[in-house]
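Here is the structure we will look at.
Laboratory data are not the source of any read-out in this text; all were calculated from the coordinates shown. Keep in mind the model is a prediction, meaning the values are calculated, not measured. As a convention, Cβ positions derive from the backbone with ideal geometry for all residues, glycine included, and neighbour counts pool all protein chains shown.
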Amino acid sequence: MRLFAREAGKPNRLPLQVNDVVLSALDMLSAQFRSHGIDLQTELTENLPDVSGNSFSLEEVILNLLNNARDAIEDHHPESGHIRIRTGMAGTHVLIDMADNGGGIPTEILDRIFDPFFTTKDPDKGTGLGFSVSRSIVEEFGGQIEVNSQTKQGTTIRITLPALQNTPPEITS
């Protein structure tokens with residue numbers, strides 16, 4: 001945890017593999033999610049190009065989004081929750097899609113979720129900084145974060161990060 005805290009504040013951007021960051025975040029939370037009855041599904045595209053960023057910061061984004069999904073599921077589908085994480089490509093960008101079957105975000109507040117300190121959670125459950133910090137990190141890496149949500153059906157979040165163009169292709173035999 002001390003290593004995470006020390007490295008997360010560093011602004012350095014290095015080539016990183018999105019799948020490695022996703023798997024690291026899932027490794028931290030998978031036991032907790034299993035104990036809560038939440039099914040984690042992954043569809044990670046192999047041989048993605050690197051993106052430029054700080055792996056600890058991107059991991060913070062993934063952890064924030066996973067924790068929000070867990071909370072939404074526990075509030076609405078505690079017995080049949082699932083979260084699907086997929087990675088892939090769209091043109092010259094690497095994608096991370098995360099979808100849950102939680103209660104969704106009401107339309108009337110959807111445009112406010114990235115506002116600092118905005119939260120619908122009880123004060124002891126959240127600060128309202130998760131989405132705001134996550135968007136700042138993704139934008140710092142030259143990317144975008146989009147949210148599509150339907151009340152009572154769940155939420156899908158897409159992170160789009162520019163791929164490094166000088167990443168050599170994988171050699172296969």
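Wrap a convex hull around the Cα atoms of the range 23-100, take a quarter of its surface area, and give that in square nanometres.
On the way: hull surface 20.9 nm².
It is 5.2 nm².
What distance in nm separates the two pseudo spin-label positions at His36 and Val147, each 7 Å out from Cα along the beta-carbon direction?
1.6 nm
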